[in-house]
Amino acid sequence: MRRFQRTIIPHLDAAYNFARFLSRDADAAQDIVQEAYLRAYRGFGGFRDGDARAWTFTIVRNCYHAWLREGRRKTRYEQPMTDERDSEESSPSLDPTSEEDTPEAAFIRKSETQRVREVINRLPDAMREVLVLRELEDLSYREIAEIIDAPIGTVMSRLARARRDFGEIWRSLEGKGTAR
């Protein structure tokens with residue numbers, strides 16, 4: 001139990017952030033992470049001191065895909081692109097304002113954060129997944145390849161396409177003057 005707490009629990013916030021970006025739903029992300037950590041605890045005996053973060057993210061990703069399959073069986077429609085609470089809620093990692101910020105700087109930073117989230121949410125699942133793992137969770141290509149069970153070349157090409165698409169979507173929003 002102590003080894004699990006030392007090794008896996010420190011990645012709980014990052015696992016939630018990853019699940020949140022994958023599912024686009026705060027409540028679903030909590031359910032996904034809860035299921036992932038239950039699975040991680042049950043399977044922890046088989047963990048052999050590798051990369052605990054990558055191992056945890058792999059479980060979160062698998063739970064997300066199980067959640068998707070289950071949701072599609074139950075509802076037969078896609079989940080909404082955004083959560084109405086996005087504008088009301090903010091987590092520390094998504095609202096980087098500080099006490100030293102002026103109200104104007106805090107507003108601009110929050111607007112940019114919302115815009116980044118909107119752009120990421122518009123990306124296809126496979127590209128959103130690698131972009132979040134690389135740019136927000138700062139994982140290496142090797143770690144991402146382990147998590148998504150794909151060759152490093154696939155990770156690199158998906159990441160390149162995700163970055164390109166991110167830029168295109170960003171510029172299109174800039175042209176429309178939305179999310180400002």
Quick one: if you stick a label point 7 Å off each Cα along the C-beta vector at I152 and D51, how many nm between them? 1.0 nm
Using 1/(1 + (r/R0)^6) with R0 = 30 angstrom and r between the beta carbons of Q34 and S172, what's the FRET efficiency to the nearest 0.05? 0.25
Along the Cα→Cβ direction, 7 angstrom out, place labels at T113 and R161. What is the inter-label distance in nm? 3.1 nm
One finds, for Q5 and E135 with R0 = 25 angstrom and r their Cβ-Cβ distance, a FRET efficiency to the nearest 0.05 of 0.30
Pull out a ≥ b ≥ c, the square roots of the eigenvalues of the alpha-carbon gyration tensor of region 110-171, then state rounded if a/c is under 1.5, prolate if not and a/b is larger than b/c, and oblate in the remaining case. prolate
How would you rank 60-68, 6-14, highest first, on the average number of other Cβ atoms within 10 Å across their residues? 60-68, 6-14
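Each value in this text was obtained by applying a stated rule to the coordinates, not by laboratory testing. A quick note: this is a predicted structure, and the numbers were derived from the prediction, not measured. Neighbour counts are summed over all protein chains in view; Cβ atoms, including those assigned to glycine, are modelled from backbone coordinates with ideal geometry.
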